[in-house]
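Have a look at the structure below, then the notes.
What follows draws every value from the coordinates through simple rules; no lab data is involved. It should be emphasised that the depicted structure is a prediction, and the values quoted were computed from it without experimental measurement. Cβ: placed from backbone, ideal geometry, glycine included. Neighbour counts: every protein chain shown.
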Amino acid sequence: MRVLTLLAALTLAQAAPAPSDDLVAEVRTLSAATDNDGRFDALTALLTSHGVRFTVESFTLDKPPSTGPEQTPDPRTRGRNIVVSLGGGAEQVVVGAHYDAKWMADKTLSRGAVDNAASSVMLVHVAQALKRERLQRRVRFVWFDMEESGLIGSTKYVEAHQTDRIAAMLNYDINGYGNTVLFGPPSGGADPRLHRIMLETCAAESIDCLRFDAMPPSDDRPFGARKIPTLSMAILPAAEAHQVWLLLHAKGAGFAPGFAPPIFGTIHTPGDVPEKLEAPAMATAGRLATALIRSVSAKR
């Protein structure tokens, strides 16, 4: 009987999808939404299914946000940030990712799998992993709305939490495929201690990490503007990560005219689909995020 029970358990284990495969499947639920309210519904349902309690912080705009002449604005005048609070204490660490996707010129919503459903789903699993730990600082996971409309959700969050004692902010944007982590601070957010913890964590987790003087614009910037120690993180294949570094730091020196790393031809296009994702890459990003949050939330 014990042999039969063991065989049955092994069969179930082989049939069940690996946890990392679940990550991509869950991204599909966000990417299937045809508007950003649908992405909100999918993300909050995912949090509920994983037993992660959340609150919603709404904000309003006088009119839909304006964008460039070749872009379609998000038609909403109400945004919603989703917040999960773990641990306690007066000081807190904010961990963020935007869940909204880009409205494209043809008036359809990008599938937004790489940018940024992958990071959003990854952080659901990180929050689930940390929710029973005794964290020394309060950790607030925030899924920001309206990043694609000009960092509106994160700006509204910073405005609403001006009296909070935020020890650090960790931002995740573009965490869907590859093996090399890109990281850097926004203007005002550089901090030697946070930089050191990041490098130590990369080494401890045996993950290749590439420091940028500054990452492309994302929800880290409103925090850096308040002089809060901040890092923004992404993951890409090694060659592509170095191409992005050269493009941003060396002004494209050595590249053919008009060259752009593949990621820039994916985000904000119809090609930003779940098929672009690599489950192991998402798992790696989540493993590093979990370890980094533990280290940053520890009082030293």
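If amide hydrogens are placed 1.01 Å from N in the peptide plane, which non-local residues have theirs closer than 5 Å to the one on Arg111?
Asp272
Amide H of Asp208 versus every other amide H placed in the peptide plane: which residues, excluding those fewer than 5 positions away on the same chain, fall under 5 Å?
Here Val181 satisfy the definition.
Treating only the Cβ atoms of Lys and Arg (+1) and Asp and Glu (-1) as charged, compute the dipole magnitude of segment 180-300 about its Cα centre; round to the nearest 20 debye. Before the final figure, lay out each step's value.
Details: 12 positive and 11 negative charges, 128 e Å.
Roughly 620 debye for segment 180-300.
Need one word for segment 172-248: rounded, prolate or oblate. Basis is the Cα gyration tensor (sqrt eigenvalues a ≥ b ≥ c); a/c below 1.5 gives rounded, then a/b vs b/c decides.
Values: a/c = 1.99, a/b = 1.32, b/c = 1.51.
The shape class here is oblate.
Tabulate in residue order the Karplus-calculated ³J(HN,Hα) for segment 117-127, using 6.51 cos²θ - 1.76 cosθ + 1.60 with θ = phi - 60°, rounded to whole Hz; enter x for Gly and Pro.
Each residue of segment 117-127 in turn: 4, 4, 5, 4, 5, 4, 6, 4, 5, 5, 4 Hz.
List, in order, the whole-Hz ³J(HN,Hα) value for each residue of segment 101-114 obtained from phi through the Karplus relation with A = 6.51, B = -1.76, C = 1.60 and θ = phi - 60°; use x for Gly and Pro.
Values, residue by residue: 10, 8, 6, 9, 4, 7, 6, 10, 8, 4, 5, x, 6, 6 Hz.
Using the Karplus curve 6.51 cos²θ - 1.76 cosθ + 1.60 with θ = phi - 60°, what ³J(HN,Hα) values do you get for each residue of segment 134-147, in whole Hz, with x for Gly and Pro?
With coefficients 6.51, -1.76 and 1.60, one gets 8, 7, 6, 10, 5, 10, 10, 7, 10, 9, 7, 9, 6, 5 Hz.
Return the whole-Å distance between the Cα centroid of segment 106-149 and the Cα centroid of segment 211-283.
A separation of 17 Å, based on Cα centres.
Under a point-charge model restricted to the Cβ atoms of Lys and Arg (+1) and Asp and Glu (-1), what is the dipole moment magnitude of the chain relative to its Cα centre, in debye to the nearest 20?
Numbers: 31 positive and 32 negative charges, 237 e Å.
Taking the Cα centre of the chain as origin, the dipole is about 1140 debye.
At a Förster radius of 51 Å, what calculated FRET efficiency corresponds to the Cβ-Cβ distance of Thr55 and His242, to the nearest 0.05?
On the way: r = 40 Å, r/R0 = 0.79.
In this case the efficiency is close to 0.80.
List the aspartates and glutamates whose Cα lies under 20 Å from the Cα of Lys251, skipping any in the same chain that are fewer than 8 positions away.
The reachable aspartates and glutamates, counting only those whose Cα sits under 20 Å from Lys251, are Asp213, Glu240.
If I model a spin label at Asp62 and Ser295 as a point 7 Å from the Cα along the Cα→Cβ vector, what separation in nanometres do I get?
My value for the distance between the label points is 4.5 nm.
Which residues' amide hydrogens lie under 5 Å from the amide hydrogen of Met233, considering only partners 5 or more residues apart or on another chain, with H built in the peptide plane?
The answer is Asn171, Tyr172, Asp173.
Cut-off is 10 Å between beta-carbons; in what order do Ser66, Ser49 appear when sorted fewest neighbours first?
On the way: Ser66 9, Ser49 12.
If I rank by nearby Cβ atoms, fewest first, I get Ser66, Ser49.
Please report Asp74, Asp213, Asp164 as a ranked list, fewest other C-beta atoms within 10 angstrom at the top and most at the bottom.
Numbers: Asp74 24, Asp213 11, Asp164 16.
If I rank by nearby Cβ atoms, fewest first, I get Asp213, Asp164, Asp74.
Please compute, for the alpha-carbon atoms of segment 79-120, the extent along each of the three principal axes and give them in descending order in Å.
Computed over segment 79-120, the largest-to-smallest principal extents equal 47, 20, 11 Å.
I'm a student and want to see the number: the projected area of the Cα convex hull of the chain, averaged over all directions, in nm². Display every interim value, and only then the final one.
Values: hull surface 70.4 nm².
Over all viewing directions, the chain projects a mean Cα-hull area of 17.6 nm².
Rank the residues Met104, Met198, Met146 as a footprinting-exposure proxy: fewest other Cβ atoms within 10 Å of their Cβ go first. Write down the numbers at each step before the final one.
On the way: Met104 16, Met198 24, Met146 27.
Listed from fewest to most nearby Cβ atoms, that is Met104, Met198, Met146.
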